[in-house]
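Report on the structure given below.
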Amino acid sequence: MKLSFRKDLNIASLVSESNWNKFKVHTLLQNSEKKQPSINAYLGARYSRSSDSIIDIANEIMKSNTDAAEKLEKIFSGYGHKSVGDMADLFVCVENIPIYTAMKFFYMTSVVAGQERSTRYQNFDNPEFVKIPREVCDDNEVRKGYERIMMKQMKDYREMLKVTKDSLSKVFQINEESQQEVSALKSRTFDVVRYFLPYGLNTSDAFLMSARNWSEIISYLCSSDSVVENELYSLLLNLLGESKLDVKGYIREADGLLRHTDANCCRKISTKEILAYLDKTINREQVEDIITNECDSVTVTYAPDCTETLISHYESLLNPLGSKEEFEFSEEDQENIGSILFDNHDHHHLMGNIGQSGAIKISGFASLGTLKDLNRHRSLERFIPLFHDEIDLDQELKRKNSECFVLCDYLEIQSLSKLKKEFQSRLEETYEMIKEWRKSSKDVLSKEVCDEFTKYLLPHAHSTRYIFYGSFDDYQYIINLRTRNGGHIAYRRLVYQWLRKLSYKDLIWRPLLKKIVEPRIDDKHQFIDRS
């Protein structure tokens with residue numbers, strides 16, 4: 001790892017020197033002369049134990065040149081790390097990581113401000129994607145086979161850009177003299193063709209999180225089965241926390257607040273123990289008829305039973321496509337599962353996404369591309385089995401190649417049927433290659449590595465289960481925001497279907513259904529409207 005600091009920009013950077021990745025992490029300092037986040041946290045800690053104005057407390061600290069980081073060390077025991085760490089925000093950019101990993105960052109963190117590079121603005125002439133390290137696979141054919149599938153998907157993407165653009169232009173009668181229409185056509189073309197892009201393709205993210213959140217993220221990256229996440233753990237810890245690496249001018253803003261960054265394996269241990277317990281009684285036969293249409297798969301439930309919800313999440317890791325026979329748990333099952341949970345989890349060791357629920361449950365199947373957009377609504381409680389190490393990936397892929405993916409909604413237009421068949425043919429070929437590679441690589445790779453890099457091969461089109469929970473206000477916000485013309489047609493139609501199903505469930509949603517214009521795939525005004 002190589003640490004550097006740009007004083008003129010107030011940016012410290014740490015670059016991986018591994019030959020299998022190009023990961024970089026940067027932190028943008030608030031004040032290169034002082035540990036401003038630590039000062040903020042110390043001011044908050046002092047404020048809660050004083051009757052003075054914040055002006056007086058800050059004045060005292062600044063005039064006496066109080067070392068905020070040193071003072072915080074002395075009051076940790078009185079406040080607890082988390083409440084103080086919550087008040088120190090750190091701005092970090094993580095570059096050249098797989099799209100899958102970037103999405104998982106958002107998925108794992110309920111309190112985060114962040115932005116990811118859009119695929120619309122990337123140059124894929126020479127695509128960069130995560131490679132399999134020689135350290136975990138010395139079989140050249142397995143590594144090359146993986147890269148061939150990646151390159152095949154990128155080739156499909158490039159080859160289908162022009163034909164898709166021309167087809168959409170013809171269907172929507174785009175006026176080439178109108179800058180608005182030409183710009184909209186370009187963006188909508190990317191929206192359609194991005195379904196070919198693999199989730200191992202490189203992207204970059206900017207995150208603003210508290211020292212507490214960074215501590216938790218780092219500890220879970222450390223405990224992960226993923227070689228990518230283990231590498232990011234090392235980079236983030238050395239950039240933000242205590243480290244032997246040093247460079248002139250860089251003062252770590254909140255190194256004293258990054259605590260408990262060793263591997264937190266509680267979620268992994270409890271999940272594996274519960275899955276082992278359930279595997280003895282759950283029927284592993286999955287549903288036969290897979291609903292591939294995103295809108296048709298939606299189900300809505302009010303105030304779902306908490307225990308039933310929790311156990312169904314674990315069941316979804318064993319049967320990601322849905323169980324043919326619903327698991328009926330007994331009181332003894334509940335006590336046994338509870339014993340496992342409370343042996344592993346407490347106020348320091350949370351369950352994370354698998355333990356989340358809420359007042360309104362909406363579930364179904366959607367493409368990874370659609371979920372990438374909806375996953376950023378951190379007000380929702382979210383459970384997506386594919387983002388857990390413990391998912392049975394063989395069961396996830398145990399379906400016909402044609403049932404593994406969905407296509408962009410515009411391809412449902414009758415006059416685009418020929419284009420749709422071309423997309424289907426190419427994606428079915430991709431899944432055949434993924435399954436063959438996975439089958440042959442199992443003899444060479446560990447289960448953990450095989451699962452990880454199989455996920456990176458999955459395209460944006462991959463259809464997978466999601467379960468979201470939220471309040472009345474959460475859903476009205478998302479529905480009002482995400483049905484607007486400017487967004488991707490896939491999530492616009494899906495969220496509109498959420499509203500339709502909610503209105504069937506409860507008439508209180510009917511006025512909103514009447515108010516919102518239904519997203520239509522053949523409406524030119526909606527197609528070109530980017531507002």
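Structure notes:
- With all pairs of different C-alpha atoms in the average, the Kirkwood value for the hydrodynamic radius of the stretch 353-415 is 14.1 Å.
- For Gln286, the residues whose amide H sits under 5 Å from its own are Lys324, ignoring neighbours fewer than 5 places away on the same chain, with H placed 1.01 Å from N.
- With 0.36 nm allotted per residue and the present C-alpha distance subtracted, the Glu242-Asp529 stretch has 98.4 nm of extension available.
- Entry for Cα extents along the principal axes in Å (calculated from the structure that is shown) out of (i) 132, 47, 34; (ii) 75, 66, 60; (iii) 69, 54, 53: (ii)
- Two-site FRET efficiency, Glu436 against Tyr277, from Cβ-Cβ distance with R₀ of 35 Å, rounded to 0.05: 0.55
- Relative contact order of the stretch 417-531, pairs being alpha-carbon contacts under 8 Å that are 6 or more residues apart, as %: 19 percent
- The listed peptides 309-321, 132-144, ordered by packing as a protection proxy, come out as 309-321, 132-144 (highest mean of other Cβ atoms within 10 Å first).
- Mean separation of Cα contacts under 8 Å, 6 or more apart, over the residue count of the stretch 127-260: relative contact order %: 21 percent
- Base-10 log of normalised Debye intensity for the stretch 205-309 (one unit scatterer per alpha-carbon) at q = 0.11, 0.17, 0.18 Å⁻¹: -0.62, -0.95, -0.99
- 20 Å Cα-Cα threshold exceeded, pairs from Lys280/Lys455; Lys324/Lys372; Lys104/Lys244; Lys104/Lys372; Lys7/Lys35: Lys280/Lys455; Lys324/Lys372; Lys104/Lys244
- Normalised by the number of residues in the chain, the mean separation of alpha-carbon contacts (under 8 Å, six or more apart) gives a relative contact order of 18 percent.
- Modelled label reach - Glu448, point 7 Å along Cα→Cβ, the stretch 229-273 residues with backbone N closer than 16 Å: 229-234, 262-273
- Label positions at Tyr47 and Lys162, each projected 7 Å from the Cα along the C-beta direction, are separated by 6.0 nm.
- Separation of the Met62 and Arg6 label points, Cα + 7 Å toward Cβ, nm: 2.9 nm
- Label-to-label distance, nm, for residues given as Glu428 and Val287 (7 Å Cα→Cβ offset): 2.3 nm
- Remark: Phe405, Phe327, Phe207 ranked as Phe327, Phe207, Phe405, counting other beta-carbon atoms within 10 Å and listing the fewest first.
- Rg/Rh (Cα only; Kirkwood hydrodynamic radius) as it applies to the stretch 186-230: 1.16
- Packing order of peptides 453-459, 125-131, highest average first: 453-459, 125-131 (average count of other Cβ atoms within 10 Å over each peptide's residues).
- Sequence ranges 297-304, 339-346, ranked by mean other-Cβ count within 10 angstrom, highest first: 297-304, 339-346
- C-alpha long axis of helix 179-193 to longest principal axis of the chain, angle in °: 90 degrees
Every number here is computed from the coordinates shown, using simple stated rules; none is lab data. Worth saying up front: this structure is predicted, and the values here are computed from it rather than measured. Neighbour counts run over all protein chains shown; Cβ positions are idealised from the backbone, glycine included.
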